[in-house]
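Read through the structure below, which is laid out as structure tokens, and then see the notes.
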Amino acid sequence: MSLLAIDHLTLSAGAQTLVSGLSLAIAAGERVGLIGESGSGKSLTAMAATGLLPPGITAAGSVLLGGRQVVGAPDRVLDRLRGTVTATIFQEPLTALDPLLRVGRQVAEPLRRRAARDGRTLDRHQLRRDVQALLEQVALPHPERIARAYPHELSGGQRQRIAIAMALACQPQLLIADEPTTALDVTTQAEILKLLDTLVRERGMALLFISHDLPIVAQVVQRVVVLRRGVAVERGPVEEVFARPRHEYTGALVAAARAFDAALGGSR
Amino acid sequence: MSLVSIEGVDFRYTRDRLTLENLSLEIREGANVGLVGESGSGKTTLLRLLLGLARPSAGRINFEGRRLEPHDGAFMRQYRRKVQAVFQDPYSSLDPRQTVLGIVSEPLRSLRLPGDHRAQVEAALAAVDLERDVLGRYPHQFSGGQRQRIAIARAMVAKPKLLLADEAVSALDLSTRVRIVELLQRVAAHMTLVFVSHDLGVVAALCDEVVILQNGRIVEAGPTRQTLADPVHPYTRNLLQSVPRMPA
Amino acid sequence: MTALETAAARPHRSASLQLGLVLVGLHVVVALLTLVWTPYDPGAMTGGRLEPPSLAHWVGTDRLGRDFLTQIMIGSRIALIVGSAAVAIGAAIGITLGMLAAFATRLPDDALAATLDILIAFPTLLIAMLVVAASDTASLGTAILALGIALSPIVARLTRILAKRVLLLDFITAARTSGTSWPGIVFRHVLPNIWPTLAVNLALQFGVAIIAEASLSYLGLGAPPPNASWGRLLQEAQGTVYTAPIGAIAPGLALVSLVIGVNLLADGLRDVGDPTRRRGA
């Protein structure tokens, strides 16, 4: 059974259709890329998958997350799904973190919730050890010092690692990453992509990776869906789609990406 | 001959930290230079110095053999005419309350340049492939790519010698980015271009020469093809290896 | 989503705009009318003292037997003059100070900002009273000047904040590198971009000015009769509020209707002049 099964999802704002008849299924451990440019509806789709649509946007169709219907579900049901079945990391980690809390406490919060849900209580020392362990897993140096820092004291890459640690704390089966490296420097981006790839593979997590950047998507996913103005125009294994795009739009995107790629020459 | 020569420039925001350190660089007339660096490399600071928005703490910048002096009004008037810029964010670089005509004609009006301004604006818009009927419209009626075309038209309208572009395509979608890079290539054929970017792929596609900045210093500079094919400095190598590549 | 918001807000906005226009328009028409015609000579005793409303005197007469409607109509004129003139003075001083602070370097800006914060801590009316007290004569002109000065710190602070925000945007840098001078940047870029918010606030200050003027007059610090403002009428009606309540109710209603009208108008005018909110955009 699919972890996430989106079936004929249509999202609209008033009379305007933003996503139209989108179907997409992700099985456990599967890594899928959702490719689209601005206005394609890719981020809205991710929000719809976790029932976090902004006000004024209505959803029709079906989104099954861990076998539960998300469309039209009350927050009470959704709260249990977010954080157990799925966790999300966003483009700008600075706005995703609370500026007034030390990052250690922010990572501890999902750990505590997770434990409470499983009927366990964590004492302070156990919690601190778990936070440290998580910070080590996302390869942050000096985890005890980082845990005491506030978000603004960290670099963009460090903040994104914290966001990933918070997502991991939920032990989700599906990780949704919405342009997680767009705000980062190239060298930091490479590190974060490698980290994400390793973590997802090691833990057998499913991944929904949303991006407009083709080479980045190619690095972390197996399958892609290409979204254009709310319509899925092409889908398939990533190598196949990038090697032989069938839709004109995908063709243009691949050609553009290859042009910049070719300019860099053959050096690897 | 050098159009711009940067000679031993230091810049410090705070007392204890240099943003740029003893930076020297020659930019030939007609050259097409990519300034590549990550956050904190000092590339934005260098651009601000070149735009005359700040003064070096030490060293000097010469333009056509004369010292760039932001407080010298007469010099700056000439300088502004010859040096124009395109910025990163096409959504904040155009005044939302002005029409395209008002935006693109601003350098002509502000520098009190002679001639029929409207005709010059129309020519500049034609050069960036925008129709004449956009003149009376407002920025919010355009897409990101079109806005960047308007910004390029504004930079071109006074026929400058040097165009400074600050991450001018980074905020654009991939398919739009290709077209704006093509446009900049066309534009750069007639003038000197300094293209500041963190994106090696775009710089490789657009610039003949590349300058790699790290922590306020130039770590490597040279012809783009050669530098990327055979990088000498470890940082350049790391940067190059970090660029995500398309599957073969 | 902005398109959605404006679509949803539009009916509400246009309704408030219309009601505001009707209320303010009514006062403007009455004020203009008093320049050429009033039911009676405002200074003349044309009836008995404190007469109730009648066909001859629609709102009755005051304790000297003067027509009350005439005085309220003239009050409209006074209120509009006081409001506009005080706001104009407050805007001229406030916008200039605010712009200077926004463009100033750190130290003078901080000093000005702190001074403004202290001034704003005092109620508008109190500052106006101090200014009136400092001058010798209680005249309409003094009251207007006092109110204008009293309003200016609020306008200055808002201008400073709004202008600082605009100054950070790339199009200001683009204007500078296009060779645009500082005055050019202020008048061509900063003012047009902060004007909608500023205009709404100035309209609100118009209401504050009218009420403050009424309070000044009520305290005997405003314009002297016979060109009395509603505040003076309210003060005069104080002693007879139980025997002839119309004397307090009528100028009170006139005051409230104008202030509400101006506020509604301000709310409705917010979108006018914003190219991004125009219909069909």
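A short reminder: the numbers here are calculations on the coordinates, not readings from a lab. Model, not experiment: these values are computed from the prediction. Neighbour counts are summed over all protein chains in view; Cβ atoms, including those assigned to glycine, are modelled from backbone coordinates with ideal geometry.
Looking at the protein assembly as shown, I'd like the Rg to Rh ratio, where Rg is from alpha-carbon atoms and Rh is Kirkwood's inverse mean 1/r.
1.06
Where nothing but the Cβ of Lys and Arg (+1) and of Asp and Glu (-1) is charged, how large is the charge dipole of the range A:100-171 around its Cα centre, in debye to the nearest 20?
On the way: 14 positive and 7 negative charges, 36 e Å.
It comes to approximately 180 debye.
Rounded to the nearest 500, what is chain A's calculated 222 nm mean residue ellipticity when only DSSP H runs of at least 4 contribute -39500 (n - 2.57) each, over all residues?
The helix contribution divided over chain A gives -12500 deg cm²/dmol.
What whole-number volume per residue, in cubic angstrom, does the convex hull of the C-alpha atoms of the range A:100-171 give?
In the range A:100-171, the Cα convex hull volume per residue is 75 Å³.
Taking C:Lys164 as the anchor, which lysines have their alpha carbon closer than 30 Å to its alpha carbon, excluding any fewer than eight residues away along the same chain?
B:Lys43, B:Lys82
Limiting things to C-alpha atoms, what are the Rg and the maximum Cα-Cα separation (Dmax) for chain C, in angstroms?
According to the Cα coordinates of chain C, Rg and Dmax are 22.0, 74 Å.
Using only Cα atoms, what is the ratio of the radius of gyration of the range B:111-207 to 2.2 N^0.38 Å?
Relative to the rule-of-thumb radius for its length, the range B:111-207 sits at 1.09.
Working from the pairwise distances between different alpha carbons, so that the mean of 1/r is found and then inverted, what is chain A's Kirkwood radius in Å?
So the Kirkwood estimate lands at 19.3 Å.
Pull up the DSSP beta bridges for chain A and report the antiparallel fraction as a percent, rounded to 5.
Around 55 percent of the beta bridges assigned by DSSP in chain A are antiparallel ones.
Less than 14 Å Cβ to Cβ from B:Asp199, Lys/Arg counted +1 and Asp/Glu -1: what total charge do the surrounding residues give?
That works out to -4.
In degrees, nearest 10, range 0 to 90: what is the angle between the Cα axis of helix A:248-263 and the longest Cα principal axis of chain A?
The answer is roughly 70 degrees.
Given the DSSP H assignment, sum -39500 (n - 2.57) over each helix run of at least 4 residues in chain C and divide by its residue total; what's the result at 222 nm in deg cm²/dmol, nearest 500?
It comes out at -24000 deg cm²/dmol, rounded to the nearest 500.
List every DSSP H helix in chain C whose Cα atoms extend 27 Å or more along the helix's own long axis and whose mean Kyte-Doolittle hydropathy is at least 0.5.
C:2-36, C:68-103, C:140-167, C:191-218, C:246-269
What share of all Cα pairs of chain B, in percent, falls into each consecutive 5 Å distance bin?
Once binned at 5 Å, the Cα pair distances of chain B give 1, 6, 13, 17, 19, 17, 13, 8, 4, 1, 0, 0.
Between beta-carbons, use under 11 Å as the cut-off and find the net charge around B:Arg67, counting Lys and Arg +1, Asp and Glu -1.
Around B:Arg67, the surrounding residues sum to -1.
FRET efficiency for A:Asp7 and A:Ser38, Cβ-Cβ distance as r, R0 = 30 Å, nearest 0.05?
0.70
Applying 1/(1 + (r/R0)^6) with R0 = 25 Å to the Cβ-Cβ distance of C:Trp58 and C:Ile260, what FRET efficiency is obtained, to the nearest 0.05?
Step by step, r from the Cβ atoms, then E = 0.65.
For the pair B:Glu26 and C:Ala92, what calculated FRET efficiency results from E = 1/(1 + (r/R0)^6), where r is the Cβ-Cβ distance and R0 = 60 Å, to the nearest 0.05? Don't skip to the end; give the middle numbers.
Working: r = 52 Å, r/R0 = 0.86.
After rounding, the FRET efficiency stands at 0.70.
Rounded, prolate or oblate: which fits the range C:149-248, taking a ≥ b ≥ c as square roots of the Cα gyration tensor eigenvalues, rounded meaning a/c under 1.5, else prolate when a/b beats b/c?
Taking the square roots of the gyration eigenvalues as a ≥ b ≥ c, the range C:149-248 is prolate.
In terms of modelled amide H atoms, which long-range or inter-chain residues lie less than 5 Å from the amide H of A:Arg31?
A:Leu207, A:Gln222, A:Arg223
How large is the charge dipole for chain A, taken about the Cα centre, if only the Cβ atoms of Lys, Arg (+1) and Asp, Glu (-1) carry charge, to the nearest 20 debye?
In total the dipole reaches around 680 debye.
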